[in-house]
Amino acid sequence: MTRTSEVERSESSGGLAGLFTPERVAVIGATESEGSIGRAITENLRADFAGETVPVNPNYDDVLGLECYPDVADVPGELDLAVVVVPPKIAVEAVRQCGEAGVRNVVVITAGFGETGSEGATRERELAEVAEKYDLNVVGPNSLGVMSTPSGMNATFGPENALPGSISFMSQSGAFITAVLDWANDEGIGFKDVVSLGNKAVLDETDFVEAWGDDPDTDVILGYLEGVEDGGEFIDAARRVTDDTPIVMVKSGRTEAGAQAVSSHTGTLAGSEQAYEAGLEQAGVLRVENVQELFDFAQILSGQPLPDSDDVAIVTNAGGPGVMTTDAVGDSNLSLASFSEETLSALSESMPEEANIYNPIDAIGDADIDRFEEALDIALADENVGCAVVLSAPTAVIDFDDLARVITDLQAEHGKPVASVLMGGERTASAKKILREGGIPNYFDPARAVRSLDSLSRYREISEREYEDPRTFDVDRERAREILERAEERGDNRLGVEAMGLLDAYGIPTPEGTVAETPEDAVSAAQDIEDDVVMKIVSPDILHKSDIGGVKVGVSPEDVYDAFEDLVTRARNYQPDATILGVQVQEMVDLDSGTETIIGMNRDPQFGPLLLFGLGGIFVEILEDTETRVAPVSEREATEMVEGIRSAPLLRGARGRDPADREAVVESLQRLSQLVTDFPAILELDVNPLVAGPDGVQAVDVRLTVDTDNL
Ligand code: ADP
Ligand code: MG
């Protein structure tokens, strides 16, 4: 996988500021014609934009009262941004003219590119070439446009402008943006920048993650993605940014991964969904399942500080909702705080006898505002408390506006994150507004409040992560290349145990073994091993050797000759024209004290090499108990993979067996990670089994698919 260096990246995205803070914006294809996109954009820009809007269209002298120019070249003075709304046939030419005229940022609204078939795909390539030639930042094509609230710029054709805020939002769906804005404006949720990514011919999610990571006015980055252009690059960028800016994403839609990946057992297990799951997690992205969580997390991350601990205090005037909240805490990574002695005595002094002073604090139904305030103040002051949920059902003695003010004041005073659950309909409206101004979200459902607080704690963990570089082992890369090239010479892209040398070259232990071409050779190979042996048919046409009886374990020296002939006969019976390279004669590995595991790799079109670890042998398909990570993996990530499978206790030595040598398994994963990173031509590879015993590991079988054109 190629991971672009920081320097190269920052050069290519260096001018993104001009995209969001332009002073003069040209609308190429501006028109007055009713119901047209060219008119909608001109109107939207004219409405609130602090800068100047310049229509360009040879058919008008002025558009909506603004002076119009026939050509971008005719516009006097500098233009920072051009929005292109002309028909597809002339859109690329329009962008080229922008490049000629020195406009660095272009938003291509025009559709009819890659999304429409081969003519469109050609047009999209031409667009990318023009962008490259003139070093342009191009958003789109097929984009709804961009917005930036500090300058009031709405360069979209959507019906609504965003409210100001500190969330920057990118979406691969323009329609989703219009829907979100309609809703967010009602909810009072504001944005810093909004980008409709369109077809991502030039600028993609990685560019915006980097740009917003550097933007002091963006507190949270939100994304709705259908795919990631370059997973490796995205991971690198996101890791840098999430140090201080959280990224929350919802990813929908399936990719072509399945079609591209060559299918085999590991291939189907390590599909593209797993690549996203692993890749986004490794990138430090908070991945959410639905739109509600996307905005719940965004709001609390932009409004509240991170908690020092995961211990929640619950303060309520209603028993039932308090219990619901407690359950939700149980389902989360948070835990219920246990109060200090001082807290308990302070509470027992100030609360009525019937109140519950243990967490959740139930100030009971007749609690007035003073009692609520006291309870929350005491709870937030406790050093065992990291964050709090405040719940209230409507009662005759509580005014929600007063309570909202108490909550915002105490939150600000104690500096600990708070989520509020003022339960009700209309009567919560003005209280919600007070809370929102204090950066505190309010929910009807206590479980949402808990999940939102949980996202703060998840992000705290992400922001504190130290990413280690992958280890680099001293390996014999040339020998590995020769083995792969030999496959190319044979004209075969599937390799089996004849390629065991590949593992050896990368320092993954393998038992002694040779591929014998004749029964005589097999006998002498067995003599060298001086013990019973394992014999396996070697044929690119036979992927699963034992399925056809192609593996014989524990063959004594005198049976080797006959075993050779028998294995060849079985292969011929299975497939008369099978290419048979010979029979492997291999040293026996002790399976009684070892556990069969699998290490494998499947190359994802977006994220690149996806490593897999699990229990091997026949278990791999039945249990589906595997861990995946995008390679290259660090030592820590490799360790997490080994520890992360459900059956990890088996490796730690269950039922009186000695524990497996975990370090050796972890090291093999890292070495395999290096192999597949060094050779992008390896499309897919599994070592199954890698026998993990108390004194190390042995790889006894390997299978791989190679893209021989790419060596
Ligand atoms: P395939 O996966 O193509 O059927 P393998 O080489 O993985 O072929 O062999 C199948 C099974 O035979 C392994 O899962 C393992 O249980 C056993 N086996 C293979 N090689 C050895 C060996 N050298 N020592 C002990 N058992 C082996
Ligand atoms: Mg096998």
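Summary table below
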item	result
Size of charge dipole - the chain - debye, nearest 20, with Cβ of Lys, Arg +1 and Asp, Glu -1, no other charges	1380 debye
Positive dipole terminus of segment 566-696, leading residue within M588, I598, L672 (C-beta point charges)	I598
For peptides 511-521, 679-689, sequence by mean Cβ density within 10 Å, most packed first	679-689, 511-521
Length-normalised contact order of the chain in % [C-alpha pairs under 8 Å, at least 6 apart]	9 percent
Dipole of the chain, positive end: most advanced residue of G145, S452, N573 [Cβ charges, Cα centre]	G145
Cα-centre dipole for segment 389-516 with unit charges at Cβ (Lys and Arg positive, Asp and Glu negative), debye to 20	800 debye
Positive-end residue, the chain charge dipole about Cα centroid, Cβ charges, pick of V630, P164, G120	G120
Beta bridge orientation in the chain: antiparallel %, DSSP, nearest 5	50 percent
Computed E for D327/L66 - FRET, C-beta separation, R0 51 angstrom, nearest 0.05	0.30
Added length on full extension, which subtracts the Cα-Cα distance from 0.36 nm per residue, L591 to R572	3.9 nm
Whether the chain is rounded, prolate or oblate, judged on the alpha carbon gyration tensor where a/c under 1.5 counts as rounded	oblate
With Cα atoms, 0 to 90° folded angle of helix 118-134 axis to the chain main axis	70 degrees
Highest average packing first - 174-185, 415-426, Cβ atoms within 10 Å	415-426, 174-185
Helix axis angle, 635-644 relative to the chain longest principal axis, alpha carbon, degrees	80 degrees
Stretch in the chain that is longest and holds no trypsin sites (Lys or Arg not before Pro) that DSSP places in a loop and that have at most 14 other beta carbons within 10 Å	1-253
Estimated dipole of segment 6-253 in Debye, rounded to 20 [Cβ of Lys and Arg +1, of Asp and Glu -1, Cα centre]	420 debye
In degrees, nearest ten, helix 519-529 long axis to first principal axis of the chain (Cα)	70 degrees
Under-23-angstrom lysine pairs by C-alpha in the chain, whenever the two are 8 or more apart or on separate chains	12
Cβ-defined net charge surrounding L502, 13 Å radius [Lys, Arg +1; Asp, Glu -1]	-3
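Rule-based calculations on the coordinates, nothing more; no lab input. Everything numeric here is computed off the predicted structure, so don't read it as measured data. Methodologically, a virtual Cβ is constructed for each residue, glycine included, from the backbone with ideal geometry; neighbour enumeration extends over all protein chains shown.
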